[in-house]
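A short worksheet on the structure shown next.
Taken together, the values in this text are just the output of simple stated rules run on the coordinates, not laboratory data. This is a predicted model, so every value here is computed, not measured. Glycine gets a Cβ as well: all are built from the backbone with ideal geometry, and neighbour counts include every protein chain shown.
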Amino acid sequence: MSRIGKKFILLPDGVRASQKGQRLVVYGPKGSLSIVLPSIVSCSIGINPAISSDKPSLSLGKVQDTRLSQALYGLSRTLVANMVTGVSTGFQKRLQIAGVGYRAQLSGQDLILNMGYSHSVKMVPPKNISIKVESPTSVVVSGIQKDLVGEFAAKIRAVRPPEPYKGKGIAYEGEVIRRKAGKTGK
């Protein structure tokens, strides 16, 4: 049984939260995010005396003790914690491009990938996602919503996933590509 839901979520400086019914809105320096909590999960905002800090915190609780409420309890806590992190510091994924002639460039907000196909691949990011090309072989996807950042980075990677023989393709920074030995001649 997961105990993630019992943890308190401390709100960093500059981050505040408000609740109206089951809708929770978190405001921060990078923007604001909202979520509608399930009806079997409750949320309270305030200063918790159990924590030695005087910063406000969020705590979630279960309205009823069922298997579904336990699952949604941990999920809701993780989603709210990701919202707090997103509006305070944000999320980013770094991608590395390996291969001769493979490169990335920006055209306005759009990402143009030259990945060895007969055509260039144009990727239009969602409105809350920003893309930065640090070098022709390094792309950074950033935003305040963790799921959108990860999803768009996965779409970029899917254009040309890294292959195991030469290691060419688009990989996450720090991703280990298991190499295979190629054929050997007689």
Report ³J(HN,Hα) in whole Hz for each residue of segment 139-153, in order, from the Karplus equation J = 6.51 cos²θ - 1.76 cosθ + 1.60 where θ = phi - 60°; Gly and Pro get x.
-> 10, 10, 9, 9, x, 9, 9, 4, 5, 5, 5, x, 5, 5, 5
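What's the extension gain from Arg103 to Lys183 if we count 0.36 nm per residue and subtract their Cα-Cα distance? Walk me through the numbers on the way to the answer.
Numbers: separation 80, 0.36 × 80 = 28.80 nm, distance 2.83 nm.
Full-extension gain reported as 26.0 nm.
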Cα-based shape type of segment 91-172, given that a ≥ b ≥ c are square roots of the gyration tensor eigenvalues and the cut on a/c is 1.5 = prolate
Between rounded, prolate and oblate, where does segment 1-142 land on the alpha carbon gyration tensor, with a ≥ b ≥ c its root eigenvalues, rounded for a/c under 1.5, else prolate if a/b exceeds b/c?
-> prolate
Looking at this model, which pairs from Lys7/Lys122; Lys62/Lys155; Lys55/Lys155; Lys30/Lys155 are more than 31 angstrom apart at the alpha-carbon?
-> Lys7/Lys122; Lys62/Lys155; Lys55/Lys155
Ascending count of other beta-carbon atoms within 10 Å, so fewest first, for Phe91, Phe152, Phe8 = Phe8, Phe91, Phe152
Among the aspartates and glutamates, select those whose C-alpha is under 16 Å from the C-alpha of Lys6, and discard any that sit fewer than 8 residues away in the same chain.
-> Asp65
Quote the convex hull volume per residue of segment 1-82, based on C-alpha atoms, as a whole number of Å³.
-> 88 Å³
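Would you order Thr137, Thr85 from fewest to most other beta-carbon atoms within 10 Å of each residue's own beta-carbon? Write down the numbers at each step before the final one.
On the way: Thr137 15, Thr85 18.
Lowest to highest Cβ neighbour count: Thr137, Thr85.
Can you tally the net charge around Lys166? Count Lys and Arg as +1, Asp and Glu as -1, for every other residue whose Cβ sits under 11 Å from the Cβ of Lys166.
Values: positive: Lys168, Arg179, Lys180; negative: Glu163.
Every neighbour counted, the sum reads +2.
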Sorted by chain and then number, the residues having a modelled amide H within less than 5 Å of the amide H of Arg160, at least 5 places away or on another chain, are Ile170
Nearest 10 degrees, 0 to 90: helix 67-88 Cα axis against the chain principal axis | 70 degrees
Expected unfolding gain across Lys166-Ser39 under the 0.36 nm per residue rule, minus the alpha-carbon gap, is 40.6 nm
If we count other beta carbons within 10 Å of each Cβ, what is the order of Ser57, Ser32, fewest first?
-> Ser32, Ser57
